[in-house]
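Okay, so here's the structure we're looking at.
The values are calculated or read from the model by the stated rules, or taken from the named source; none is laboratory data. Bear in mind the structure is a predicted one, so any value in this text is a computation, not a measurement. All Cβ positions, even for glycine, are placed from backbone atoms using ideal geometry, and neighbour counts span all protein chains on display. Each accessible area value is taken on the protein alone, full model and side chains, heavy atoms only, with ligands, DNA and RNA left out. Shrake-Rupley method; radii C 1.70, N 1.55, O 1.52, S 1.80 Å.
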Amino acid sequence: MARVDERLIHGQIVNEWILKVRPTHLIIIDYELLTDLFMANIYKAMAPFWVEVLIFSPEDTAKFLNSRQDKNGEKIFLLARSPGIYEELIEHGVDISEVVLAEKKYLPQKRKASLENKIAINHLIEKNVKVTVQEFPNEEATVIEKYKIKGNKGENKIW
């Protein structure tokens, strides 16, 4: 499972998503935590004891995933703050079929997601990645359609 959640690990992830998915590994893909060992250790401590928590860059995540393709019984939960991270993973050869966005701000009628994130989502969709919004595991996911972005003298605007 590949999820975008700006808060990374928090109660909803631990109490609902991890219990539903039952991963063997939780990989946080985050440049900031690579250098902030204090916060990295806090995030690691928040996960259940039976989940191995790893913090990697997109490149190292790709290396890890590609080295584990033949491991039976493993379930890997990917977690990142932004959809652009999954663009980078795809560039490093990782096959991602779906990205689940945690927040309803990504719904087209909300218009609260950043332009950068909307562009990244469009790129994922163009690469045949299904992008959905699903806050809780027991609610139905909403599929995101490509955002309409219009260039205007070097600017990008969302319709």
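Filtered by the rule that a residue be surrounded by fewer than 17 Cβ atoms within 10 Å (Cβ to Cβ) and touching a residue at least 40 places away in the same chain (Cβ under 8 Å), segment 8-19 gives GLN12, GLU16.
Here segment 41-75 is the region considered, the condition is being farther than 12 Å from ILE28 by Cα and acidic (Asp, Glu), and the residue that is modelled with the lowest pLDDT is ASP70. Taking segment 20-104 and the helices (runs of 4 or more DSSP H) fully enclosed by it, the elements with 1 or more residues that are open to solvent by less than 20 Å² (accessible area, probe 1.4 Å) and closer than 15 Å to ILE9 by Cα are at 31-35, 37-46.
When ILE96 is tested against the conditions (1) under 18 Å from LYS127 (Cβ atoms); (2) modelled with pLDDT of 90 or more; (3) over 13 Å from the mean Cα position of the chain (by Cα), the lone failure is (3). Across segment 24-40, a minimum of one residue is classified as of a type outside the set (A, V, I, L, M), over 14 Å from the mean Cα position of the chain (by Cα) and under 10 Å from PHE77 (Cβ atoms).
Selection over segment 41-62 of residues that are hydrophobic (A, V, I, L, M, F, W, C) and under 19 Å from the mean Cα position of the chain (by Cα) gives a count of 8.
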